[in-house]
1. In region 26-50, which residues are touching a residue at least 60 places away in the same chain (Cβ under 8 Å), closer than 12 Å to residue 12 by Cα and in a helix (DSSP H, G or I)?
2. Looking for whichever is under 28 Å from residue 121 (Cα atoms) and within 16 Å of the ligand (Cβ to nearest atom) here; the options are 26, 13. Which one fits?
3. Let me confirm something: among 136, 82, which residue is farther than 19 Å from residue 16 by Cβ, touching a residue at least 24 places away in the same chain (Cβ under 8 Å) and more than 12 Å from the ligand (Cβ to nearest atom)?
4. Kindly indicate whether any position in region 51-73 is in contact (Cβ under 8 Å) with a residue 12 or more places away in the chain, among the small types (Gly, Ala, Ser), more than 14 Å from the ligand (Cβ to nearest atom) and surrounded by 16 or more Cβ atoms within 10 Å (Cβ to Cβ).
5. Anything in region 109-138 that is more than 23 Å from residue 170 (Cα to Cα) and touching a Ser or Thr at 6+ places or on another chain (Cβ under 6 Å)? List them, or say none.
6. Which of the following residues is under 23 Å from residue 143 (Cα atoms) and basic (Lys, Arg): 7, 59?
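Nothing in this text is a laboratory measurement; each read-out follows from the coordinates by a stated rule. No experiment lies behind these values; they were computed from the predicted model shown. Ideal geometry is used to build each Cβ from the backbone, glycine not excepted, and the neighbour counts take in all protein chains shown.
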Amino acid sequence: MSIVSRRPRVGVLAVQGAVREHLAALDAIGAEPVEVRLPRDLVGLDALILPGGESTTMRKMIEAYGLRDPILSLAGAGAPILGTCAGMILLAERLADDALPLLGLLDIEVRRNGYGRQLDSFEADLQVPALGDEALHGVFIRAPIVSEVGPAVEVLARDPDGAVVAVRQGRVLATAFHPELTADRRVHQLLLDMIERAVEQPA
Ligand code: GLN
């Protein structure tokens, strides 16, 4: 039996970007999706998703709405966080273009739009051992490149050229691709599984 007996409440930062597909993905696997625009929307969440979009805009909105500190408090209280694409950039401790990090919850360095023009957008089948044998189809849209990974960071997947495209550090999970744009729900399910583990082992 599940330890979280009610539907887990999972927020999706809804200031900009690919919000709707994440909300639908959460609903499809039995979580209660919550749109997060203001600090009060974060109250009582079991986990939070930072979606893809335009990270510079998202960063400005997060700061303008006073969301940065309450997001850090939620993470500090042990709620799992998933960042996808621009969300990964917001989570990173270091940015290769010298911009200041926003949340700094993941010991990685990322380079925005790191795949460059030739590969502006592409799709690739990814092996993700933590999610089972079946390949995961990754949709990459002006994706960041993970240029450095710290020792506490677990690499969950690499692209066909060997670049890191999915990582986990404790309760923080991030993908350079967009798991909400395919029908495979294993990344969102992993976030829900991390909630169960967070309940078993409080921060
Ligand atoms: N290139 C975008 C950025 O740097 C991220 C793209 C995405 O989230 N699909 O913010």
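1. Hit for region 26-50 is 26, nothing else.
2. 13
3. Result of the check over 136, 82: 136.
4. Taking every residue of region 51-73 in turn, none turns out to be in contact (Cβ under 8 Å) with a residue 12 or more places away in the chain, among the small types (Gly, Ala, Ser), more than 14 Å from the ligand (Cβ to nearest atom) and surrounded by 16 or more Cβ atoms within 10 Å (Cβ to Cβ).
5. Selection gives 137 alone.
6. Criteria check complete, one pass: 59.
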